[in-house]
Amino acid sequence: MSKQTYNDAARIIAIVNQKGGVGKTTTAINLGAALADAGHKVLLLDLDPQGNASTGLGVEPEDREHTTFDILLNSVKTAKAIIETSYDNLSIIPSTTDLSSADIELMDNENRSFLLKDALQQKSLKKQEYDYILIDCPPSLNLLTVNAMVASHSVLVPLQSEFFALEGLSQLMLTLRDVRQAANPDLRIEGIVLTMFDARNRLAQQVEADARENLGELVFRTIIPRNVRVSEAPSFALPVLSYDESSKGAIAYRSLAQELMSRNSPQMAA
């Protein structure tokens with residue numbers, strides 16, 4: 001596959017859901033790995049104070065010299081915070097629990113919603129020539145998530161196949177509308193991806209049917225199944241594509257990456 005870029009600039013995608021436990025971080029890690037597998041240079045930015053994406057890619061707390069907190073609040077150059085992972089073409093800017101105080105510390109900053117956007121526009125980062133920057137957002141619609149939306153081209157929403165799943169999207173859509181009106185008019189929805197899907201479960205099938213009826217083509221064709229290999233992989237600090245490349249989860253994330261690439265540019269999926 002030939003390597004394509006978006007006018008020599010990274011495509012920035014915020015992975016967002018205000019509810020925890022829906023496969024958000026799992027999707028960030030494994031979609032990033034699948035895009036890297038496809039030949040693209042990927043940066044994963046861990047914007048969740050829990051730091052699960054950092055841990056899931058093998059970055060120990062003592063190795064997190066510079067973090068997303070530092071690039072937002074301590075004027076550390078974004079490129080200095082990048083850590084190479086063991087996965088080819090996949091890098092990460094880690095986070096720590098320090099990030100949990102960011103909302104409070106940002107409140108008096110007049111530029112508080114634009115700090116991440118400014119950090120991602122630094123020349124030193126652009127010289128890295130990433131094709132994709134994926135932002136793993138916290139499980140809330142707080143100021144960190146707003147920063148991610150302001151900085152991004154699009155939003156990808158993991159949606160767990162469970163009761164009330166669609167109702168939970170309403171507040172997210174309102175926040176997205178507000179960000180469009182106030183700060184980022186070009187922000188769009190990259191898509192909704194159904195996660196932790198159990199095809200044997202009638203409720204999961206109903207959620208899928210409702211999602212496709214109400215949201216149409218916004219819902220990715222690819223569905224991420226409930227898969228034990230996907231659940232096990234983080235404990236080995238590996239994407240599932242490394243842990244078990246033939247598992248249903250790994251196959252699904254490769255499919256999601258291909259679908260995402262084809263949505264943005266048909267040539268990229270060729």
Determine the pairs where a residue that is closer than 14 Å to I71 by Cα, located within region 109-124, has a partner that is in a loop (DSSP other than H, G, I, E, B) and open to solvent by 60 Å² or more (accessible area, probe 1.4 Å) with Cβ atoms under 7 Å apart, the partner being 6 or more residues away or on another chain. Q122/K77; S124/K77
Qualifying helices (runs of 4 or more DSSP H) (wholly inside region 1-103; at least 2 residues being open to solvent by 20 Å² or more (accessible area, probe 1.4 Å) and of a type in the set (V, I, T)): 24-37
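Which residues, taken from region 184-210, are within 30 Å of K117 (Cβ to Cβ) and open to solvent by less than 40 Å² (accessible area, probe 1.4 Å)? Show your work before the answer.
Filtering region 184-210 down to residues within 30 Å of K117 (Cβ to Cβ) leaves 184-195.
Across region 184-210, the qualifying residues are N184, L187, I189, E190, G191, I192, V193, L194, T195.
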Filter region 181-207 down to the residues that are under 19 Å from the mean Cα position of the chain (by Cα) and among the charged types (D, E, K, R), then identify the one that is farthest from R254 (Cα to Cα). D186
Cβ contacts < 8 Å: first residue closer than 14 Å to T145 by Cα and outside any helix (DSSP H, G or I), restricted to region 169-190; second residue charged (D, E, K, R) and open to solvent by 70 Å² or more (accessible area, probe 1.4 Å), any location; separation 6+ or different chain. Result? L187/R180
So H66 passes all but one of these: (1) of a type outside the set (V, I, T); (2) out of contact with any Lys or Arg (no Cβ under 6 Å at 6 or more places or on another chain); (3) more than 22 Å from G23 (Cβ to Cβ). Which condition number does it fail? (2)
Residue ID - modelled with the lowest pLDDT, chosen from residues in region 223-270 that are outside any helix (DSSP H, G or I), over 19 Å from N52 (Cβ atoms) and hydrophobic (A, V, I, L, M, F, W, C): A270
Looking at R212, R229, R221, which one is on the phi < 0 side of the Ramachandran plot and either over 21 Å from the mean Cα position of the chain (by Cα) or free of Cβ contacts under 8 Å to residues at least 12 places away in the same chain (or both)? R212
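The values are calculated or read from the model by the stated rules, or taken from the named source; none is laboratory data. Keep in mind the model is a prediction, meaning the values are calculated, not measured. Please note: Cβ atoms are built from the backbone with ideal geometry, for glycine as well, and neighbour counts cover all protein chains shown. SASA here: full protein model, heavy atoms, side chains in, ligands and nucleic acids out. Shrake-Rupley method; radii C 1.70, N 1.55, O 1.52, S 1.80 Å.
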